[in-house]
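Coordinate-derived values only; no laboratory data. All values derive from a computational prediction rather than experimental measurement. Cβ placement follows ideal geometry from the backbone for every residue including glycine, while neighbour counts extend to all protein chains displayed.
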Amino acid sequence: MLCPACGTENFAGADTCSECNSDLAAVETRSLDPVEERLHNDRVGGAAKPNPLIVAPLDTVDSVVQKMAKLGHNCAMVAYDDVLVGIFTERDVLRKLSADYDNLKSAPVRDFMTPAPEALETDTPLTFALNKMSVGGFRHVPVVNEDQRPLGVVNIKDLLSHITANVPDLFEA
């Protein structure tokens, strides 16, 4: 949606322009197709995987990797006092640990996690989640409550699965 005041492109459904804060409520928009409607109206909380693997910053790399493998998780949320402080993913294992895993496996996971990761709250629209993942290059994004307590995790597959499950005629010609 283009802002009539400054010409900045904004997300469909935005109330104010992200650049100049002009009111966009009066801007006419075309009707949304069913997928766009879901992306705009559905929230991350409905698409995220609940019950993420949550580990402590001082847990060893090996114990976290073993838990991830056992549970079939691609990432672990790192929390201290129930507050998200980092994320540790399969990508971290491959990029930061694989060359010397045997010597590093007893180190604390905090040494290899991504600290202070971008996170989404459960009421975040799917459009915003997709944009954040695309722009940031994130494969996994933690879902948190207002106190930054990890509640789930979302990835692109989760978002696509949610859309395809909730738009019944999506694949009919």
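Quick look at the numbers
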| read-out | value |
| --- | --- |
| Sum of -39500 (n - 2.57) over DSSP H runs of 4+, divided by residues of the chain (222 nm, nearest 500) | -7500 deg cm²/dmol |
| Cβ-derived FRET efficiency at R0 30 Å, M1 paired with E90, nearest 0.05 | 0.25 |
| Candidates L160, L126, L39: whichever shows maximal mean-square fluctuation once the chain is modelled as a Gaussian network with Cα springs under 10 Å | L160 |
| Euclidean distance between Cα centres, the stretch 76-130 to the stretch 34-56, Å | 18 Å |
| Local net charge near L94, Cβ-Cβ under 13 Å (Lys/Arg +1, Asp/Glu -1) | +1 |
| Distance in nm between pseudo-label sites at N51 and V167 (7 Å out along the Cβ direction from Cα) | 3.0 nm |
| FRET E, pair T16, D59, Förster distance 25 Å, beta-carbon r, rounded to 0.05 | 0.05 |
| Ranked list, fewest to most other Cβ atoms within 10 Å of each Cβ, for F88, F11, F138 | F11, F138, F88 |
| Along the chain, longest interval not containing exposed GluC sites (Glu not before Pro), exposed being DSSP loop plus at most 10 other Cβ atoms within 10 Å | 29-145 |
| Backbone N under 14 Å from the N74 label point (7 Å along Cα→Cβ), restricted to the stretch 80-123 | 88-94 |
| Antiparallel %, DSSP beta bridges [both residues in the chain], to 5 | 85 percent |
| Two-site label geometry, T8 and Q66: point separation in nm, points 7 Å out along Cα→Cβ | 5.0 nm |
| Relative exposure of C17, C6, judged by other C-beta atoms within 10 Å (fewest first) | C6, C17 |
| Label selected from [x] 1.07; [y] 1.28; [z] 1.22, the criterion being Cα Rg over 2.2 N^0.38 Å as computed here | [z] |
| Top of A47, A69, A56 by mean-square fluctuation, Gaussian network on the chain, Cα under 10 Å | A69 |
| Sites H40 and Q148 - FRET efficiency at Förster radius 30 Å, r taken between beta-carbons, to 0.05 | 0.70 |
| Fewest-first ranking of S18, S98, using other Cβ atoms within 10 Å as the exposure measure | S98, S18 |
